[in-house]
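The values are calculated or read from the model by the stated rules, or taken from the named source; none is laboratory data. Here the structure is a predicted model, which means the values were calculated and not measured. Because the Cβ atoms are built from the backbone with ideal geometry, glycine has one as well, and the counts that use them run over all protein chains shown. Note: accessible area is taken over every heavy atom of the protein model, side chains too, but ligands, DNA and RNA are not part of it. Shrake-Rupley method; radii C 1.70, N 1.55, O 1.52, S 1.80 Å.
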Amino acid sequence: DGSLRRVREQGLGGSFALPQVRFFMNEVMCVSLWRNVVITDTAGAIGVGEVKTMEKAFRTLLLTNRQIAGLALLRAGTPVASTDARAETTRFIKDLGAALTLNALVIEDKGVMATMMRSVIRGLNVVMRNSTLVVHGDAKEAVRALVPHLANNTDAVASERELLAALADMRAGFTPGVRRASPSVAPHDN
């Protein structure tokens, strides 16, 4: 497929600025790859299928990286994932083990919904034991936390700036609620 070919040709490390590579997009979620980071932007209810797509993105990065990280953004109004989706998330994060060094999560909602989401995350962390899933206050804070986990990070300031630019590029190309064919890998093929 075109996206996987671009990932293999470009590589995911290096000290030069790399664009994000769109891995998957539907009406509720966009998944991109940047260096050794899976970036997810979620704006609606996700199910087991979307979680399996996220897992495939992480496993794709493991083809070229020994250690990987994640940046997950949950937009305001995003509901808590189904019980099955949460169980699948727990399973694949545990399966990734030490290869997943950090999974930075940003809950962009406020109030009761944000509190409920944070409670769900605490529950996942208890189930996973020693989880790398950490909630951050905003995207900039999460990116700063990810910088030490980036592949080939020779300039922390430049890497932070580049990851923020990749995130902005990804978000600019994602319109929640708009149904479109994913420009990359089929999400549910095994």
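Some points to look at:
- Boolean, E55 is in contact with a helix residue (DSSP H, G or I) (Cβ under 6 Å, 6 or more places away or on another chain) and of a type in the set (D, E): yes
- Test: residue in the stretch 10-25 that is over 22 Å from H149 (Cα atoms) and modelled with pLDDT of 95 or more: yes
- Matching residues, the stretch 72-96, being part of a loop (DSSP other than H, G, I, E, B) and closer than 20 Å to I39 by Cβ: R75, A76, G77, T78, A81
- For the stretch 89-119, the set of residues classified as touching a Lys or Arg at 6+ places or on another chain (Cβ under 7 Å) and either open to solvent by 30 Å² or more (accessible area, probe 1.4 Å) or not hydrophobic (A, V, I, L, M, F, W, C) (or both) consists of E108 only.
- In this structure, A165 does satisfy being more than 14 Å from the chain's Cα centre (by Cα), small (G, A, S) and open to solvent by 50 Å² or more (accessible area, probe 1.4 Å).
- Residues in the stretch 151-162 that are assigned to a helix (DSSP H, G or I) and either touching a Pro at 6+ places or on another chain (Cβ under 7 Å) or open to solvent by 10 Å² or more (accessible area, probe 1.4 Å) (or both): A156, V157, A158, E160, R161, E162.
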